[in-house]
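Please read the structure below before turning to the comments.
What follows draws every value from the coordinates through simple rules; no lab data is involved. Being a predicted model, the structure only gives us computed values, none of them experimental. All Cβ positions, even for glycine, are placed from backbone atoms using ideal geometry, and neighbour counts span all protein chains on display.
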Amino acid sequence: MSVNPDIVTTPPKLMRAIRAAMEGTESVQERLDDFVTAITSSMRVNVASIYLLRQKGDVGGELELSATKGLKRSSVHRTRLKPGEGLVGHVALTARPINLADAPSHPLFSYRPETGEDPYKSFLAVPILRGGRTLGVLVVQSKEARTFSEDEVEDLLTVAMVLAEIIVDDERIGGKKAALKGIQLTQTKPETISGKAFAPGLARGHAVLHRPPVAPANLLASNIAQEELRLEDAITRLRAHVDVMVSGETATLTRASKEIYEVYRTFAYDRKWVGRLREAVHSGLTAEAAVERTRNEQRARLMKVRDPYMRARLGDLEDLANRMLRLLSGETAAPQIPDDAVLFARDLGPAELLDYDHDKLAALVLEEGTMSSHTSIIARALSLPLVGRAAGVLDRVETGDDVLVDAEEGYVHLRPLDTQLGGFQMRLNIRGEMSRAYDQLRFRRAVTQCGTEVDLMLNAGLLVDLPQLDQAGADGIGLFRTEFQFMVSDFMPRLSQQTDLYRKAIIAAGDRPVTFRTLDLGGDKILPYMDPVPEENPAIGWRAIRIGLDRPGLMRYQLRALVAAGAGRHLRVMFPMVTTVQEMIDARALFDREIERAKRLGQELPAKVEVGVMLETPALAWQVNQVCDVADFVSVGANDLMQFFFAADRDNARVADRYDPLSPAALSILSFIADGCRINDTPVSVCGEIAGRPLEAACLVALGFDTLSMPVTGIGPVKSAIMALDARALRDLILPNIKVTTRLSSLRDTVRAFCLDTGVPV
Ligand code: PEP
Ligand code: MG
């Protein structure tokens, strides 16, 4: 397509009329009236009508005739149709235009005498879409029986898009004053949407959309030729970009990622998609608005599709549209956000999250996402409350909405009522007071009332975690999950990048120990650049040390980076998911080979080395004495240990909470491990999530664990509980109860009562 930018192509008459209607300062109703008048005179039709969806409770709604030129004015705000009812209702339901030369003879035609539409034959209706949601239907009719041209359909779609943005925007700015009589387009009602808490916390703030719709002022082009040029340029650059994605890095791409990129390429070269964009610009939209409109149409259609494969394609299209918008805006700088931003997105890549100024982010809400996604990991590292799987939230939230994010229970409250605000504010205040109290404890050691000193360590894995060491007053890093670096990057981190990160962690910790856990991949931790191995039960499949020992090249490479990072310093390394003592012996031998290699090459060696084992399988618990012979320390990975002990998948919400880590069975195995390590004089710690919960942590200390490693949010609460705890008394309470004779299914209530009686804040 060749376009000459020097020729100013003015938009068609209809667009000029619409632009003029937009520039008025009237109410929305008056603007709608102006729109229908502009449409009838520019398109030479007898009737133009706007039907808007009136919200009715939480489900469905009715299409209300909200403005018309040509039908009886008395039917405005009186004539109503259900989605699916009549031709107009059908357009709303399917989100597709209907273009008929003789509408009354169509089987779906439903006659409404009060509108006086008898004389009109030809009929063109298009959906008014926004963000994939149908807001209403725009209809033109004329007496003469003719089919509308493709250009006319395009024009009407363009007007529909402008309409959607104007109405929503006007109501957002104008509040009650601008509200259409009885029609609720933007959501003003309070709504609560449930999801899953992927990163804990509470936050109050204002909604910011990760990809906001194009502002109404930027919807209509002033020079079509120039817009066409911008579009062509963006298409060319998008295609080049996708071509590089597919072929440029083939060496590091896996089959799976190549397939995804191939899908992108198919879309980027799809003549239909590009054709739709061109038509939209040709009809008078800016290139951005054209992308947005095409996206809205695809979204509205694909959202109605059940096939999961097709629905997944929606994400690919969305991503492509986002890339295109970025190319058009030339966006390189970080997105600007207000101070208390609650960021809403369908899904968000880790790098995209890190693009935002995280000091200004109050919380994150995703329609999709998973607990173990990279974005969730980073949100936890940033102490950013995150609610994911909040189905439908993007259709309900508007930029600037007041939002409460409850990432303790997994709820998002949009436009909350004053009564909700009160209760929430109280919880926030309590949290604030607690965190100030925890701050006071930062420089104090966690020592129990009976004199046991407990080391409280941080679970970490990324650079963003490191400042938390001092902020929380942690005694070191008890678990450095090295796989995070691999998970958040698009390509395998090079040796130098691995060494660099490990060194930075050691330096940040100063004299405090850092325990690096070698790659724990497999299970739910999949790398985008590695071919996934399909497995029936990935959690008990080929993962962690099993991969490490079967593919020693990868593990030795990492151990090499660790040895280099530890030069002249204290290096602690441990292996995940060890099940047999032999595995630990083999893994340790690989580490020793790397030390030997460094010696041979004359490299500086670590000043001190400790090689430990993660105890996270019941089989190894029964070998605790033997494994203590070959490990310098033991770290109990309670998350995995409990999932294997109770045969309950930790990532499956239906079963993950079925067992209680304070049940006699769980406490017995933990006590058995603690005793085994003590007898063998082997230092032992716990590094699963339970170590960061005060009640559970109190029990762990009572059982003899004196090092606990946890997410940053746990350190303050656990420290204050430990400082008030008489661990000996609690031990005396627990031990008789974990004997086989106990009838209690859990000691939780007993321990909680003990803590309350003795003033332990849990
Ligand atoms: C655990 O299993 O308890 C653990 C700390 O490791 P991860 O959660 O990374 O599997
Ligand atoms: Mg584990």
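Whole Å is fine, so just give me how far the alpha carbon centre of the range 553-574 lies from that of the range 386-451. Taking the Cα centre of each part, the range 553-574 and the range 386-451 sit 39 Å apart.
The slack in the chain from residue 471 to residue 496, taken as 0.36 nm per residue of separation less the alpha-carbon distance, amounts to 6.2 nm. Projecting the Cα atoms of 70, 156, 424 onto the dipole axis of the chain, where Lys and Arg carry +1 and Asp and Glu carry -1 at the beta carbon, places 70 farthest toward the positive end. Think of the chain as a dipole: +1 on every Lys or Arg Cβ, -1 on every Asp or Glu Cβ, centred on the Cα centre; then among 595, 35, 89, 89 lies furthest on the positive end. If the chain linking residue 447 and residue 13 were pulled fully straight, counting 0.36 nm for each residue of separation and taking away their Cα-Cα distance, it would gain 148.3 nm.
Among 631, 283, 507, whose Cα sits farthest toward the positive end of the charge dipole of the chain (+1 at Cβ of Lys/Arg, -1 at Cβ of Asp/Glu, about the Cα centre)? Result: 283.
Paramagnetic label reach from residue 756 (point 7 Å along Cα→Cβ; backbone nitrogen cut-off under 20 Å): within the range 635-662, residues 661-662.
Each label point was placed 7 Å from the Cα along the Cα-to-Cβ direction; for residue 567 and residue 233 their separation is 4.8 nm. Could you tell me how many degrees, from 0 to 90 and to the nearest 10, lie between the Cα long axis of helix 308-329 and the main elongation axis, the longest principal axis, of the Cα atoms of the chain? Here the helix axis deviates by roughly 80 degrees. Where both bridge residues fall in the range 451-758, DSSP classifies roughly 5% of the beta bridges as antiparallel. Once the C-beta distance of residue 648 and residue 622 is scaled by a Förster radius of 22 Å, the resulting FRET efficiency is 0.65 to the nearest 0.05. Here the spin labels are modelled as points 7 Å beyond Cα on the Cα-Cβ line, and at residue 108 and residue 632 they lie 7.3 nm apart. Against the longest principal axis of the chain, how steep is helix 287-302, in degrees 0 to 90 to the nearest 10, with axes from Cα atoms? Tilt relative to the chain: about 80 degrees.
In this label model, residue 189 and residue 436 are separated by 3.9 nm, measuring between points 7 Å along each Cα→Cβ vector. Sorted largest first, the spans of the alpha carbon positions of the chain along the three principal axes are 96, 61, 44 Å. Using the rule -39500 (n - 2.57) for each DSSP H run of four or more residues, divided by the residues of the chain, the 222 nm mean residue ellipticity is -14000 deg cm²/dmol.
Working ranking of peptides 103-116, 279-292 by packing, defined as the average number of other Cβ atoms within 10 Å per residue, highest first, is 279-292, 103-116.
Here the dipole of the chain is about 640 debye; that uses its Cα centre as origin and unit charges on the Cβ of Lys and Arg (positive) and Asp and Glu (negative). Residues within the reach of a label modelled at residue 82 (point 7 angstrom out along Cα to beta-carbon, backbone nitrogen below 17 Å), restricted to the range 109-137, are 109-112.
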